[in-house]
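This report concerns only the one structure given below.
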2 protein chains.
Amino acid sequence: MSLLEDLRVPRGRVELSSYSTRATPGVHGGKKRGHRALFDLGAELMELQTKLYAQREAVGARRLLLVLQGMDTSGKGGVLKHTVGLVDPVGVRITSFKAPTEEERAHDFLWRIEKAVPGPGYLGVFDRSHYEDVLIGRVRSLAPMTEIERRYDAINGFERRLVEEGTTIVKCFLHISPAEQKERLLARLDDPTKHWKYNPGDVDERQLWTDYARAYEIALERTNTDIAPWYVVPSDRKWYRNLAIGELLRESLKDLHLGWPPADFDVAAERRRLMDDTIGEAGA
Amino acid sequence: MSLLEDLRVPRGRVELSSYSTRATPGVHGGKKRGHRALFDLGAELMELQTKLYAQREAVGARRLLLVLQGMDTSGKGGVLKHTVGLVDPVGVRITSFKAPTEEERAHDFLWRIEKAVPGPGYLGVFDRSHYEDVLIGRVRSLAPMTEIERRYDAINGFERRLVEEGTTIVKCFLHISPAEQKERLLARLDDPTKHWKYNPGDVDERQLWTDYARAYEIALERTNTDIAPWYVVPSDRKWYRNLAIGELLRESLKDLHLGWPPADFDVAAERRRLMDDTIGEAGA
C-alpha cells in the first residue's frame, strides 16, 4: 500500500466534510488485524529509524519531522504512545506545544518552533505545532488578522528551509467527528484514571467546532505544498489512526533509501588490535 | 524481589572485583524467562510512569532521574531501547552526554547537566552524565587533581538539591568484564550493520581498564549517599541488565505511592454540559 498517496490532500480547496473520519483507506480487515499489523510494523520501523540515527554524524544527514494536529481527543497522545513508542527513544525528540509563555509571545511565533526542530538523524515529533498560531490563533483572534494572514507564507518559508537542510516533513491532521469527540470526552469523565486528561476548556473549544474546521481548511489549503504536504488521517478508529501514521513514517523513512553507514576505520586492523590485547586476562 | 536492596552498593569502600558481572541477583531462570519477565513488566511500568506524568502540574510533583554509567559496550544504549522504550515516550527525556563542547568546557562541569535535569512529572535518563567528569576526567587528567577532587562534593551537593526538589535519583553502574567487552567489540566488527557503533577510540580507552575501574571505585565510594545511592548492575548478560534496570525503575516509581490525580472540576456538571450539546448533530 502507499498511504503517502492515499491520505495525501490534493492541492487546491479543502472541504473537510468530504473526508471520512471512519474510513480505513489502504488497510484490509478490522481492529484485531490492525493491532497485529501495527505490532508487525514495529521491527521494520525500528530498523529504518536506527538507520536514520546511525547516519546522524554524516555530511548531509537526514531528519524527519512528524507534525500532529487535530481537535482535542483526536489522539495525538495515543500516536505518541502506540506508534512513536515503537522506535528507539534515543533517536526521538518529542515537543508538546502548549499556550506560549510570555517570553515566547514576545518573539515571532516561529521562534519557539525553531528551537525544537530535529537535529540530524533524529525523528522529531510535534504534538501540536506552529499551526496552532493559525488555528486557535485565528478562531480566538489571538493576533490581528493581518498577522494571521502573514503567517501562512511564513510557515511555508520556514518549512522550505527545513526541507532544504534535509528534513522530511510529515504533517498529519487527525480527523475525528464531533460525535466521536463527545464519546471520548464522556469516557474520560466516566473513568477516574482519566480525569487528569480532562480539561473543561476542551468543551469550550468544542463549541467552536465549525470555526476550527474552517480554520483547518484554510491552513491545509495554504500550507499544502509539494515539499511539505498534508495528510488527513481518519481518526475515529484509534487502531487505524495509529497504524496509518506508523505506515506514513515507514514509507517516509523508506523513501530516504538509507543504508548502514560504512566503517570509517580499518576493520581488519581493529580486529587484530583487539585479538592481540590481553586486558583483564590472567597474568596481564 | 527488591533489587533496590539487592543491587545497592553498601556505604564504605568499593572493590569492583568483588562484584560479579554475570550473576543474576533477585531473578530466577535464564534468558528466555528474563525476556518474558521484561515484557510482562512493561504494562506496570507504563502505568506507574503515566501516574508520574499525570501529576506533573500538581504542587510538589515528583520526577525520576535514571543515571546510566558503564564502560563502552556495557549496554547503556540497550537499556534505552529495551527498558526505557517500554514506557510512554511523551514523559521521557533522554540526554546522551558526549565530550563537552568549547562553550560547555568554559562553564562549571555541572552547567550542562543542570539544563538536562527532568522537569516535574518526567522520567529523565542520563546516558553518561556528570560522572564522566570524575571518570575520564580523572583517568585522562582532563582537569587538575584539585579540581577533580572538588567535584565529588559538588556532585553530592547538586544531587541533594535535585532530591530536595522532588527527584528520585537511580544511579546505575553497568558492570561488565573486560572479556565480555572484547567479545562485544569483535561482534560489532563482524557485523557491517554495527560498524556505525564501533569507535576505535573505545579500544584506546579499553587499554586503561584498570584505571577506569579504580576511578569508578572512587566515584562510587564518594558519591554513594543515602539520598542518591549507587546500584551495581551485573551486565554481562544483556537480558538481566535490561530486566534489572526495569525492576529498579518499577520499585522506585512504586515507592512514590502515586495515585491518579483527582478531578479539579465538577464531573457531574461537565457530563451534563456535554450531554446537552448538539455540536455537529443534524439540525444543530
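Annotations for the structure displayed:
- Accessible surface comparison of B:240, A:53, probe 1.4 Å, protein chains only, largest first: the order is A:53, B:240.
- Restricting the GluC sites (Glu not before Pro) of the range B:76-109 to loop positions (DSSP other than H, G, I, E, B) with no more than 14 neighbouring Cβ atoms within 10 Å leaves nothing.
- Prolate/oblate/rounded call for the protein assembly as shown, Cα gyration tensor, a/c under 1.5 rounded: prolate
- The range B:81-160: trypsin sites (Lys or Arg not before Pro) in DSSP loop, at most 16 other beta carbons within 10 Å: B:98, B:115, B:140
- Other protein chain C-beta atoms within 10 Å of residue C-beta, averaged over A:194-205: 4.
- Ordered from highest to lowest accessible area with the whole protein assembly present and a 1.4 Å probe, A:149, A:5, B:270 read as A:5, A:149, B:270.
- Between helix A:238-254 and chain A: long-axis angle, C-alpha atoms, 0 to 90°, nearest 10: 50 degrees
- The C-alpha atoms of chain B define a longest principal axis, and helix B:209-223 lies at about 50 degrees to it.
- The residues packed around residue B:234, meaning those with a beta-carbon under 10 Å from its beta-carbon, carry a net charge of +2 if Lys and Arg are +1 and Asp and Glu are -1.
- Area buried, chain B against chain A - accessible surface, total, 1.4 angstrom probe, square angstrom: 4500 Å²
- By the equivalent-ellipsoid construction on the alpha carbon gyration tensor, the range B:14-68 comes out with semi-axes of 31, 20, 7 Å, ordered largest to smallest.
- Projected label distance in nm at residue A:96 and residue B:44, using a 7 Å step from Cα toward the beta-carbon: 2.5 nm
- Largest first, the residues B:122, A:19, A:198 sort by 1.4 Å accessible area into A:19, B:122, A:198.
- Where labels lie 7 Å past Cα in the beta-carbon direction, separation of residue B:267 and residue A:16 in nm: 3.0 nm
- Compactness of the range A:1-97, taken as the C-alpha radius of gyration over 2.2 N^0.38 Å, stands at 1.27.
- Part-to-part distance (alpha-carbon centres) for the range A:188-223 and the range B:191-227, which is given in Å: 50 Å
- Rounded to the nearest 10 Å², the accessible area of residue B:71 at probe 1.4 Å: 20 Å²
- For the range B:88-140, fraction of C-alpha pairs farther apart than 14 Å, in %: 56 percent
- For residue B:218, solvent-accessible area (1.4 Å; no DNA, RNA or ligand), Å²: 20 Å²
- The Rg/Rh ratio of chain B, with both radii computed over alpha carbons and Rh defined as the Kirkwood radius, is 1.05.
- Beta-bridge orientation, chain A: approximately 5 percent antiparallel, per DSSP, counting only bridges with both partners inside.
- Bridges between two residues of the protein assembly as shown, per DSSP, are antiparallel at a rate of about 5%.
- Eligible lysines near residue B:254 by straight Cα distance, threshold 18 Å, same-chain separation 8 or greater: B:51, B:171
- Of the residues B:135, B:123, B:189, the one that moves most in a GNM of chain B with alpha-carbon contacts below 10 Å is B:189.
- The local environment of residue A:63, defined by Cβ-Cβ distances under 15 Å, has a net charge of +2 under the rule Lys, Arg +1 and Asp, Glu -1.
- Measuring how big the range B:113-188 is from its alpha-carbon positions, Rg and Dmax come out at 15.6, 44 Å.
- The range A:72-127 and the range B:12-82 have Cα centres spaced 26 Å apart.
The values are calculated or read from the model by the stated rules, or taken from the named source; none is laboratory data. Bear in mind that the values here come from a model prediction, so they are computed numbers and not experimental data. Heads up, the Cβs are rebuilt from the backbone with ideal geometry, glycines too, and the neighbour counts pull from every protein chain shown. Surface areas here come from the heavy atoms of the whole protein model, side chains and all, with no ligands, DNA or RNA. Shrake-Rupley method; radii C 1.70, N 1.55, O 1.52, S 1.80 Å.
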